[in-house]
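Novice: Before I ask anything, let me first share the structure, which is written out below as structure tokens.
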Amino acid sequence: MTEKEKMIAELPFDSFVEELINDRKHAQQLMYEFNNLPPNSSDKGTALIKKLLGKTGTQVLIEAPFRCDYGYNIEVGENFYSNFGLTVLDGAKVIIGDNCLIGPNVNIFTAGHPVDPQLRNTYIEYSVGITIGNSCWIGGGSVINPGVHIGSNVVIGSGSVVTKDIPDNVVAAGNPCRVIREISEYDKIYYYKDRPYNS
């Protein structure tokens, strides 16, 4: 089994082999082109993102700067939007559903290292996949850790550190992130605290 096959299989692997170094360089070149486009080049930016990512919907908008390891392990659904500064360490699959919004400076990390220092010093690492369901909003500055599964219709509050799975239809926040409440009829009336839509 090659190191790349181990990585994809979520087994410990050596990321400093030539094949993976070249894959990261390829992604870095595409990100360099994307992150240095002039503001009026949205069509070219979208084409570069579609070339970089493993799968996208028809409508995808990522604000520069954007960073990832490989790109080909990232799949996003229809109507995907990410604000500035998204970083995705995608040694394993990162699958994001339809109609998702990502706030600024969000970090999605599939990557990890051994806790034991002797093992860590061998530069072996691992990656465990992350999924985010449909119609989610990930608040700015949040961190999503390896192996986390976030359900559909979820709001993750800004600055959260998500270390465990989050179910459907909830607002969750904090460090560590935890469910605050279910999304309810209240949320159809008020857009922010006690401010009604029809005021």
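Where a number appears in this text, it was derived from the coordinates with a stated rule and is not lab data. Not measured: the values here are computed from a predicted model. Glycine gets a Cβ as well: all are built from the backbone with ideal geometry, and neighbour counts include every protein chain shown.
Novice: Considering only the stretch 58-73, I want to know if a residue exists there that is in a loop (DSSP other than H, G, I, E, B) and on the phi > 0 side of the Ramachandran plot.
Specialist: Yes, that holds for at least one residue.
Novice: Further, regarding this structure: What are the residues in the stretch 4-29 that are among the acidic types (Asp, Glu) and surrounded by fewer than 17 Cβ atoms within 10 Å (Cβ to Cβ), if any?
Specialist: Glu5, Asp14, Glu18, Glu19
Novice: Just need a number here: residues in the stretch 36-59 that are in contact with a Lys or Arg (Cβ under 7 Å, 6 or more places away or on another chain) and either surrounded by 17 or more Cβ atoms within 10 Å (Cβ to Cβ) or among the small types (Gly, Ala, Ser) (or both).
Specialist: 1
Novice: So which pairs qualify, if the first residue must be in the stretch 155-174 and on the phi > 0 side of the Ramachandran plot, the second must be among the hydrophobic types (A, V, I, L, M, F, W, C) and not in a strand (DSSP E or B), the Cβ gap must be under 9 Å, and the two must be at least 6 apart or on different chains?
Specialist: That search, which allows pairs on different chains as well, returns Asn169/Val154; Asn169/Ile183.
Novice: So, one more: So the check is Cβ under 8 Å with 6+ separation or different chains; which pairs have a first residue in the stretch 43-67 that's over 18 Å from Asn107 (Cα atoms) and a second one that's in a loop (DSSP other than H, G, I, E, B) and among the β-branched types (Val, Ile, Thr)?
Specialist: Once the first residue is over 18 Å from Asn107 (Cα atoms) and sits in the stretch 43-67, its partners that are in a loop (DSSP other than H, G, I, E, B) and among the β-branched types (Val, Ile, Thr) give Lys50/Thr56.
Novice: If you don't mind, there's one more thing I want to ask. Six or more apart or on different chains, Cβ under 7 Å: which pairs go from a residue in the stretch 1-29 that's assigned to a helix (DSSP H, G or I) to one that's aromatic (Phe, Trp, Tyr)? Could you list them?
Specialist: What qualifies is Glu3/Phe13; Lys6/Phe13; Met7/Phe13; Asp23/Tyr70; Arg24/Tyr70; Ala27/Tyr70.
Novice: Run down Tyr81, Tyr123, Tyr70 and say which single residue is aromatic (Phe, Trp, Tyr) and in contact with a helix residue (DSSP H, G or I) (Cβ under 6 Å, 6 or more places away or on another chain).
Specialist: Checking each option against the conditions leaves just Tyr70.
Novice: Restricting the search to the stretch 127-141, which residues are in a strand (DSSP E or B), of a type outside the set (Val, Ile, Thr) and surrounded by fewer than 19 Cβ atoms within 10 Å (Cβ to Cβ)? Before the answer, list the steps.
Specialist: Step one: list which residues in the stretch 127-141 are in a strand (DSSP E or B), which gives 127, 130-132, 137-138.
Those still in the list that are of a type outside the set (Val, Ile, Thr) too: 127, 137.
Matches in the stretch 127-141: Trp137 only.
Novice: Also: Select, from Asp116, Asp187, Asp168, the only residue that is charged (D, E, K, R) and touching a Ser or Thr at 6+ places or on another chain (Cβ under 6 Å).
Specialist: Result of the check over Asp116, Asp187, Asp168: Asp168.
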